[in-house]
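Below: the structure, in structure tokens.
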Number of protein chains: 2
Amino acid sequence: MSGPAGATPHASSRAAVLDVIRAAGTISRVGLVKATGFTGATISTVVRRLIDDGLVVETGHAESTGGKRRVLLQLNLSSRYAVGVHLDHDGITYVLTDLGGSVVARMSRAGVGVEDPRAVVERMATESAALIEGAGVERSRVLGLGLVAPGPLNQAHGLRLLRPAIRHWGDFAMGPELERATGLPVVLDNDATAAALGEHWSGQAGGGAFAALYMGTGIGAGLMLGGVAYRGPSGNAGEIGHIPLAADGPECWCGARGCTEALAGPGAVVEAARADAVLARSAGLTGGGRGRRTADFAAVTRAAHRGDPGARALLERSARYLALAARTLANIVDLDELVLTGPGLAIAGSIYLPVVREELERSFFSRASHPVTVRLSRVAATAPAIGAAAMMLQSELVPLREGMRLPENLAAAAEPDPPARASTTP
Amino acid sequence: MSGPAGATPHASSRAAVLDVIRAAGTISRVGLVKATGFTGATISTVVRRLIDDGLVVETGHAESTGGKRRVLLQLNLSSRYAVGVHLDHDGITYVLTDLGGSVVARMSRAGVGVEDPRAVVERMATESAALIEGAGVERSRVLGLGLVAPGPLNQAHGLRLLRPAIRHWGDFAMGPELERATGLPVVLDNDATAAALGEHWSGQAGGGAFAALYMGTGIGAGLMLGGVAYRGPSGNAGEIGHIPLAADGPECWCGARGCTEALAGPGAVVEAARADAVLARSAGLTGGGRGRRTADFAAVTRAAHRGDPGARALLERSARYLALAARTLANIVDLDELVLTGPGLAIAGSIYLPVVREELERSFFSRASHPVTVRLSRVAATAPAIGAAAMMLQSELVPLREGMRLPENLAAAAEPDPPARASTTP
């Protein structure tokens, strides 16, 4: 990186400046000095480089406050794009976002079911290409693709989808295979962390201790601590779906007992509903197949909204366990903001919200110091896909953090002082 | 801070350099460049200031590796000291540490019992002065005093000791009162976070996701994420003593149900032991009073070690709940290292250790990715006091983090680019 000796800005300076510009919308160089704590010389150097790279543009002047009018800076939103893919058993959600994380195109396709992973990779490559082409975006402006799926991740093997439904994917090297098929750099993460990031980029989250409580096929949480995604050493932080809420509870697929997911997940709700002949009939459940679980969970929720007492009781029981998991999470990270998100809560959030709120108001340990704000996501169904795209944008905006897999061709971005990135298009 | 324009090192550079020197023992300037990622010019400026301030000294040369022999740097350990005070119902522990966090003097005194807080403040001032004088350390070299106690903290009122036993302390402004009485700057924190910091400074903890599971009067955890204490927005992170392990469990003093502490804390163990007439007699329990709880917990532990089946069963039941809390913590922060510490585990750790280990080996969600290393602390009884002193040293070494109360006279140290601190002695 150029710049006067002794003032060489680190990658983190560049990233921090870009992130402040993104969050602010428009901001002056003086504003950047105040917001980042960097010296004027550092800001000047970093901004010059960002303008040279086409990521930032000057855009008029701020109102005069007596002195020289200040030039305002903003992201050049259409300079870069990223694809976000949320892969789940019951559906694949795609988004294309601009450099600011705004969705410019989206689509949903069938889930992976029992498909062979190689076939899914080819399908994702075709569908991503269609998304980019349909939006009229030049491929050379697409930084890459973020792919998120239910955890746990395994760093050694890239994404490792160990859930029973897709356990036959075993150690399939998803990252490299998808890079080969799409010709794009790929980053991987779990869906809950991506959901938290998606909420953050959608302007829905503050900078304290924020969590996205995610309910999709399973239950998890994504954590943003001080505005930065916290993933943990192996990228598996936030696994509240597998904390024990009842020492002698039912066995979970993960091998432990009494997990939140086994007690309260959509699967547990649907199973109990199917076992109730009256409810199964009145709610119109399909009665079979893992692939129908999302549809049946939605049917139980509709029945509850119609006033079916059996459906209501099942969902409220689930909500009470989810509320205990939320209290646990809140006490451990000293949470001040929680958003309920993910496909399951896009459907049933209005039933879960008051139960979670009440538990935290009554039992959050530090309630005398501060409340935990709880709300429903406004992007619940697409937050993980938006977060997946944001992960890729962050490879430009923010140095990738510990616990996040880096494809070889992006590894330089995580070095303390990397060269400026070349175009990533092959 | 001096230095060429454009190369002004931030407080964080200074702190990072000092912390690397502390952790390394001895290191060259070139080593610092590698370890911190800063430029040679920045390291040179920062080191020159640290030497001028007397915090760092040059100490001989590294073995030649062909080129010029490198000058080694190390902390000037006796240049600064700090007092650490761990205040608990059953005892007050004092340590005096040097700049490297090594204990140069320690002492234990009676706990606060039902004493008036003003009397305790005066006593702590007298006892701290005796500790410093007894060690032959000049008061002008004492940076200040770190005080830790059971949470929750309340930022608005400084330390707020809300446990039933000392609830009559109410909103007593502990920080300012103690500063007045001792004439030293005071920083406050909770005991579990201080224990984690104490373990870290005692060279007992790595840089990933580390937690100190603390059992004193109550149960809590201190978190170090990436080598930095994580306190949360209100300083109350890690409260695993108040997570629900049984939805319909006993009521806890905190107002919630089924908390770890109510099910498994030393108080619950002692209460159950006292209710068992045979065990109470064989273990020689006092049978009364909160102030005797630590003594009675120790007596139950001795009985278990002698083979008393009733005592053994009570402690193993407690250990199983503690193990569930440990699994919860591990899943949420993706833990890779856990140390069992605090006075309760200094006494009974050998009974708890295998139970916690086994639970994490069997049920930690990310066990396919990495294990959680679990061990007993080697400084279990004094870790919180060491951590309390380290907090004060960090006001010199590391900018204080969010969620930590700052006395007025230290607030400058948390600014992005503060002036060098003057001597803190009044």
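The values are calculated or read from the model by the stated rules, or taken from the named source; none is laboratory data. All values reported here derive from a predicted model rather than from experimental measurement. Note that each Cβ is placed from the backbone with ideal geometry, even for glycine, and that neighbours are counted across all protein chains shown.
The table that follows gives values for the structure above.
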| quantity | calculated |
| --- | --- |
| Test result for B:Val112, in contact with a helix residue (DSSP H, G or I) (Cβ under 7 Å, 6 or more places away or on another chain), more than 24 Å from B:Glu199 (Cβ to Cβ), crowded, with 17+ Cβ neighbours inside 10 Å and not assigned by TED's automatic domain parsing to the domain that holds B:Val17 | yes |
| Test: residue in segment B:44-58 that is among the acidic types (Asp, Glu) and in a loop (DSSP other than H, G, I, E, B) | yes |
| Lone qualifier among A:Glu271, A:Glu251 - being over 23 Å from B:Asn331 (Cα atoms), not β-branched (Val, Ile, Thr) and not assigned by TED's automatic domain parsing to the domain that holds A:Thr97 | A:Glu271 |
| Selected residue (criterion: farthest from B:Gly344 (Cα to Cα)) from residues of segment B:233-262 that are touching a Ser or Thr at 6+ places or on another chain (Cβ under 8 Å) and at pLDDT below 90 | B:Ser234 |
| Close pairs (8 angstrom Cβ cut-off, 6 or more residues apart or separate chains): under 15 Å from B:Gly222 (Cβ atoms) in segment B:361-388, hydroxyl-bearing (Ser, Thr, Tyr) and part of a loop (DSSP other than H, G, I, E, B) anywhere | B:Val379/B:Ser202; B:Ala383/B:Ser202; B:Ala383/B:Ser377; B:Ile386/B:Ser202 |
| Unique match (being of a type outside the set (Phe, Trp, Tyr) and more than 29 Å from A:Ser369 (Cβ to Cβ)) among A:Gly232, A:Gly238, A:Gly227, A:Gly249 | A:Gly249 |
| Answer residue from segment B:91-143, given it is assigned to a loop (DSSP other than H, G, I, E, B) and among the hydrophobic types (A, V, I, L, M, F, W, C) and is farthest from B:Met215 (Cα to Cα) among those | B:Val137 |
| Every residue from segment B:34-59 that is on the phi > 0 side of the Ramachandran plot and at pLDDT 85 or above | B:Gly54 |
| Strands (runs of 3 or more DSSP E) wholly inside segment A:173-258 containing at least 2 residues that are buried (at least 24 other Cβ atoms within 10 Å of the Cβ) and more than 10 Å from chain B (Cβ to nearest Cβ) | A:186-190, A:209-215, A:219-225 |
| Those residues of segment B:308-336 which are of a type in the set (A, V, I, L, M, F, W, C) and facing another protein chain (nearest Cβ under 7 Å), in sequence order | B:Leu324, B:Leu329, B:Ile332, B:Val333 |
| Among (1) modelled with pLDDT of 90 or more; (2) of a type outside the set (Phe, Trp, Tyr); (3) over 19 Å from the mean Cα position of the chain (by Cα) - the single one B:Arg69 does not satisfy | (1) |
| Residue in segment B:129-149 that is under 24 Å from the mean Cα position of the chain (by Cα), surrounded by fewer than 16 Cβ atoms within 10 Å (Cβ to Cβ) and on the phi > 0 side of the Ramachandran plot present | no |
